[in-house]
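J.: Got a structure for you, questions after.
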Amino acid sequence: MQAHYNVLFLCTGNSARSILAEAILNAKGRPHCTAYSAGSHPSGIVRPEALKLVELAHLPTESLRSKNWEEFATPGAPKMNFVFTVCDNAAKEMCPVWPGQPMTAHWASQSRGG
């Protein structure tokens, strides 16, 4: 029997990259993964461009929202198995202590230079 993993994607604003990662993993990773996303300084909105990309991929958008990462560091929050930062700014910030000490990693942004 396969294990089930909770995965949290972090970005500063939680308005695009982390939202996209959440939507994709929730669609492609079931039933083995449940994905969440959050930001250190959430913008409070999901960027329309991100929602459009999710819709173009025929993935659900109704549960996508910009949230603070503190939401996942409280008692009663889902226990994370993996926490990935997906923007360089969030990777440099002091993250909360995640219950259960999940594996953490940084998924670096692509360089825009030559």
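The values are calculated or read from the model by the stated rules, or taken from the named source; none is laboratory data. It should be emphasised that the depicted structure is a prediction, and the values quoted were computed from it without experimental measurement. All Cβ positions, glycine included, derive from the backbone under ideal geometry; neighbour counts span all protein chains shown. Accessible surface is based on the protein model in full, side chains and every heavy atom, while ligands, DNA and RNA are left aside. Shrake-Rupley method; radii C 1.70, N 1.55, O 1.52, S 1.80 Å.
J.: State in Å² the accessible area per residue of the range 37-82; use a 1.4 Å probe, count heavy atoms of protein chains only, and round to the nearest integer.
T.: Ligands and nucleic acids excluded, the result is 62 Å² per residue.
J.: Quickly work out the Glu70-to-Ser43 label distance, labels modelled 7 Å from Cα along the C-beta direction, and quote it in nm with one decimal.
T.: About 2.2 nm separates the two model spin labels.
J.: Rounded to the nearest percent, how much of the accessible area of the range 15-89 (1.4 Å probe, protein heavy atoms only) is carbon and sulfur?
T.: 58 percent
J.: Want the number for Ala77 to Leu59: 0.36 nm per residue separation, take away the alpha-carbon distance, what's left?
T.: Using 0.36 nm per residue and subtracting the Cα-Cα distance, I get 4.0 nm.
J.: What ranking do 18-24, 41-47 get when scored by the average of other Cβ atoms within 10 Å per residue, highest first?
T.: Sorting 18-24, 41-47 by mean packing, highest first, produces 18-24, 41-47.
J.: How large is the convex hull of the Cα atoms of the range 1-77 per residue, expressed in Å³ as a whole number?
T.: Convex hull volume per residue, Cα atoms: 85 Å³.
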